[in-house]
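Working notes, beginning with the structure itself.
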């Protein structure tokens, strides 16, 4: 049987069908969790963020019209907002998160794997820490999540052209050889091109 | 090295997925939507008690405001900025990068600091068109609001980036050095990750920048 697209599943979620909501989680829960882990570098926070994303989706379901075949870019956008407004969102779902902490602990193998992923995330986050948040967002969605420029535009609610210009600026900032002379000659900016810069360059090359 | 998307392994296994799925289904079940109010819930408390609590809370907030110097009714824990005046300098610390910009504006105005709210993109356009330099707190990169000062062209740093390479707002990350550093990029202004000090006679304009 052919699986229906998210855009066809969404009306059932909007009408309050828990099974349809569960299907949405089955399709995208793991991707949202991986994204949350890379954004926070904290496995515990990744569980919280994943739960909060889907609880927010449920809470706001009647306000949302899904126009893309996949809900994933939009879910990444929700995740970005949840992370950014972490404290406010946590307050809203305080009781639910209390119940989340009551879940059994993940298996030791999963804990180890998540710790490795978190360590890598921490390293990358350190490399891109100095980027403005808007550029970090497009870079991570492109390089880490593999979204197209169009999908990133949906996730962030900005025009595709803005995605392209932010990616190009992020690439330039991460690679000192591309910086204006004044910045490259400033001792505070004498840093080597980071490994992330190479991937940012690949992301930019998708730009026609 | 970063693992590209195509090589990333899932960060939850089937067991954890099932646990999270069950949890979410419990949370969104109709029963959860109409959970009965438990005994002793505050909604059932007599109005007199609720009113007394409100009076006591208001008194507490006013007392807190007196100690912090913030606007009346603003609890210290929720202040968006902290402001100090010392030896001819005013220091503003941004305490909450996710604060409501209007609340930040109210706090600055009540402390005698003239400011305005601007979006990130509008400020960039203004700076490009007028030749002014915008100096941002680096807190911009993590929140929805940050603070900046506008430096007129004649007082901007001696060697400004060319217009072709003009930095986008938020570039304060590049201008202020590592986290925690405070630099003095123009006369009468010191700026760091989440604080700025402005000499009282400098006359720079403070801007609340909405970064979303």
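All of the numbers you see were taken from the coordinates with simple rules; none came from a lab. Every value quoted in this text rests on a predicted model; they were computed, and no experiment measured them. Neighbour counts are summed over all protein chains in view; Cβ atoms, including those assigned to glycine, are modelled from backbone coordinates with ideal geometry.
In plain terms, the residue of B:136, B:124 with the fewest other Cβ atoms within 10 Å comes first and the most crowded comes last, giving B:124, B:136. Peptide A:125-137 shows a mean partner chain C-beta count of 5 within 10 Å per residue C-beta.
Going from the fewest other Cβ atoms within 10 Å to the most, the residues B:122, B:96, B:129, A:42 appear in the order B:129, B:122, A:42, B:96. Shielding by partners for peptide A:12-18, expressed as the average number of C-beta atoms from other protein chains within 10 Å of each residue's C-beta, is 2.
Principal axis analysis of the Cα atoms in the range A:1-99 yields extents of 37, 24, 22 Å, listed in decreasing size. Rounded to 0.05, the FRET efficiency of the residue B:109 and residue A:98 pair, given R0 = 22 Å and the Cβ-Cβ distance, is 0.05.
Shielding value for B:13-19 is 5, the average number of Cβ atoms from other chains within 10 Å of each residue's Cβ.
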